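Only one structure is covered here, and it is reproduced in the block below.
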Amino acid sequence: MKIPANLKYTKDHEWIRVDGEEALIGITDYAQGELGDIVFIEIETEGEDLEKGEVFGTIEAVKTVSDLFMPVTGKVIEINPELEDAPDLVNKDPFGKGWLIKINIVDAGELDDLLDADSYNKLLES
Amino acid sequence: MKTTQLISFHEKLRAKLVEFAGYKMPLEYTGVNDEHLTVRKKVGVFDVSHMGEFWVSGEGALDFLQKITTNDVSRLVPGKAQYSCMPNGLGGIVDDLIVYHYEDKKYLLVVNAANIEKDWKWINRHNTFNAVIENASDKMSMVAVQGPEAKNVVQKLTKINLAAVKSFSFETGKVAGVDHVIISATGYTGAGGVELYCYNDGAEALWAAIFEAGADKGIKPIGLAARDTLRLEMGYCLYGNDIDDTTSPLEAGLGWITKFTEHKNFIDKEFLERQKEQGVQRKLVGIEMIERGIPRHHYSILNQQDKVIGQVTSGTMSPSMNKGIGMGYVKTTYAAPGTEIYIGIRNKKVKAAVVTFPIYKD
């Protein structure tokens, strides 16, 4: 199972890739494996300011529906346009082409509360 | 948690295993979409050994089964099977099942895994006919081989001419060296094929031989997740979702297996006959999404004016159609095919239509 070292993680199995004031958010390899074939992703929060922990969308596998949570406070500035036609990109490439949203980070200090790759790995093993 | 005789195969195949009806069962192997399409296009194999098997035999067997099931067992000659259900005395359904006429005065009932205990108690309670009944669920294994290539694969393993085994018929004989296998032309996928019943000691040899025989056809193991999407595309009821102790067979569209013939008395006959005359208040219908979205169990069904007119009982993304499909009960006035309905999905109403079964029209 892949856990890239340069990302931050949440206990809800999401990752965030920080690039200056912006960041990409997705779900982890572990999460996509647990969900199984992802068939529908609904994110309708583009342009909205959301608090850390708030739901920014939902992801549906064949059997289940899961909420997607903001790892940090921010404004949703882009939704991955490819997911509408190819939600399985999240299964195939969860840390790359299967990213979900791009945000503007409001408070970079919140990033310190997130897990690094080692801590996330320990969470999975526990 | 119980396991089936085939658990070591599932573990070796690295299946995602989950608890279902008290059994550790394979949910998926290669992924639900891949498995689903394998069954639709080629051939797939399911371990469904968790299903329950009851033998009913003796002089009183026929009268007993006529009493507890809705279909007409007197029309069932040896070698034939019928889909049926057991009414619960309150207008609902104890379980749906398949009744096999195994040989003269001997029947096999195949029931849902989740209902084995409940059904066993129920039939014991109503066996005032001195029928000999045996719960063989823990002794028997069941493997479903489904898909357009299924019969060709199994044919390699037996001398019985499978082309002659028509839908809802069965033969008993040797398959892959295993004796007394019931080869039944039935299934829960709509893709054709057979279901094989054997005693547990033959299950592993049977499973292994089927995969060897099907290797050149791209045969794959199929889990419970794809079993659900396959049956849903056909609109086959799942007990606990689409039918249960509160739904009548007539509401569920099972009038075709509810026989009000004169010579047959069964539990709830009068009630259901009256219901048939008066008409049902709600009906189980097929649902196909027009706008994007997936109907799910317990979601509300709404009309144009946002009034709740029913509830979704099963739903999924259809792998064959690549759109959301489902089943649900609606008020009878909304049950006509083509009726525009809406599914309440997370505070939104999403447009759908009532469709005929099967939902997936090959």
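For chain A, what are the per-bin percents of Cα-Cα distances with bins 5 Å wide, up to the bin holding the maximum?
So the P(r) values, bin by bin, are 2, 12, 24, 25, 21, 12, 3, 0.
Please give the length that would be gained between B:V308 and B:R292 if that part of the chain were fully extended, namely 0.36 nm times their separation in residues minus their C-alpha to C-alpha distance (nm, one decimal).
Using 0.36 nm per residue and subtracting the Cα-Cα distance, I get 3.8 nm.
According to the square roots a ≥ b ≥ c of the eigenvalues of the Cα gyration tensor, what is the shape class of the stretch B:135-227, taking rounded for a/c under 1.5, prolate for a/b larger than b/c otherwise, and oblate for the remainder?
rounded
Amide H neighbours of B:D95 under 5 Å, counting only residues 5+ apart in sequence or on other chains, H built in-plane at 1.01 Å?
Those qualifying (amide H under 5 Å, at least 5 residues apart or on another chain) are B:M86.
If you count, for every residue in B:30-39, the Cβ atoms of partner chains within 10 Å of its Cβ, what is the mean?
2
Within 10 Å, count the other beta carbons around each residue, average over each peptide in B:225-235, B:77-87, B:62-72, and list them highest first. Could you put the intermediate results ahead of the total?
Working: B:225-235: 24.4, B:77-87: 19.0, B:62-72: 22.5.
Ranked from most to least packed, the peptides come out as B:225-235, B:62-72, B:77-87.
May I ask you to sort B:H50, B:H298 by Cβ crowding, counting other Cβ atoms within 10 Å and putting the fewest first?
B:H298, B:H50
Please list, in chain and number order, the residues 5+ apart from B:T3 or on another chain whose amide H is under 5 Å from its amide H, with Hs placed from the backbone.
B:K24
Based on the alpha-carbon gyration tensor of the stretch B:99-145 and its eigenvalue square roots a ≥ b ≥ c, which shape applies: rounded if a/c is under 1.5, prolate if not and a/b is larger than b/c, or oblate?
In terms of gyration-tensor shape, oblate.
What per residue convex hull volume, in Å³, comes out for the stretch B:52-135 when only alpha-carbon positions are used? Walk me through the numbers before you get to the answer.
Details: hull volume 6.5 nm³, N = 84.
Looking at the stretch B:52-135, the number lands at 77 Å³ per residue.
Let me make sure I get this right: for the stretch A:53-126, a, b and c are the square roots of the gyration tensor eigenvalues over alpha carbons, sorted descending. Under 1.5 in a/c it's rounded, otherwise prolate if a/b > b/c, else oblate. Which is it?
On the way: a/c = 1.78, a/b = 1.20, b/c = 1.48.
In terms of gyration-tensor shape, oblate.
Within 10 Å of each residue's Cβ, count the other Cβ atoms and sort B:I343, A:I25 from fewest upward.
In order of increasing Cβ crowding within 10 Å: A:I25, B:I343.
Report the Cα-based extents of the stretch A:1-55 along its three principal axes, largest first, to the nearest Å.
The Cα atoms of the stretch A:1-55 stretch 31, 28, 16 Å along the principal axes, largest first.
Using a Gaussian network for chain B with springs between C-alpha atoms less than 10 Å apart, which of these wobbles most: B:T246, B:T189, B:T316?
B:T246
Rule-of-thumb check for the stretch B:1-73: C-alpha Rg over 2.2 N^0.38 Å?
Values: Rg = 17.5 Å, N = 73, 2.2 N^0.38 = 11.2 Å.
Against the compact-globule rule of thumb, the ratio is 1.56.
Using the count of nearby Cβ atoms within 10 Å as a rough guide to exposure, how do B:S167, A:S66 rank from fewest to most? Present the calculation step by step, with values, prior to reporting the outcome.
On the way: B:S167 10, A:S66 17.
If I rank by nearby Cβ atoms, fewest first, I get B:S167, A:S66.
How long are the semi-axes of the equivalent ellipsoid of chain B, defined as square roots of 5 times the Cα gyration tensor eigenvalues? Whole Å, largest first.
Working from the Cα gyration tensor, I get semi-axes of 32, 28, 17 Å.
Once you have the alpha carbon radius of gyration of the stretch B:255-355, what is it after dividing by 2.2 N^0.38 Å, with N set to its residue count?
Cα-based Rg divided by the globular estimate yields 1.26.
Can you give me the long-range amide H partners of A:I77? Hydrogens built in the peptide plane at 1.01 Å from N, cutoff under 5 Å, separation of 5 or more residues or another chain.
It is A:G47, A:K102, A:I103, A:N104, by chain and number.
Express in whole angstrom the spacing between the alpha-carbon centres of the stretch B:53-113 and the stretch A:68-91.
52
With contacts defined as alpha carbon pairs under 8 Å and 6 or more residues apart, what's the relative contact order of the stretch A:8-106 in percent? If you can, show how the numbers build up before the last one.
Details: 221 pairs, mean separation 31.6, N = 99.
The normalised contact order for the stretch A:8-106 reaches 32 percent.
Given Cα pairs under 8 Å that are at least 6 residues apart, what percent is the relative contact order of the stretch B:52-135?
Dividing the mean separation by the residue count of the stretch B:52-135 yields 42 percent.
Per the Kirkwood definition applied to all pairs of different Cα atoms, how many angstroms is the hydrodynamic radius of the protein assembly as shown?
24.6
Is there a simple number for the mean count of other chain Cβ atoms within 10 Å of the Cβ of residues in A:36-45, and what is it?
Other-chain Cβ atoms within 10 Å of each residue's Cβ, averaged: 5.
FYI, it's all coordinate maths here, none of it is from the lab. Only a predicted model underlies this, so the values are computations on that prediction, with no experimental measurement involved. Using ideal geometry, Cβ is built from the backbone for each residue, glycine included, and neighbour counts are taken over all protein chains shown.
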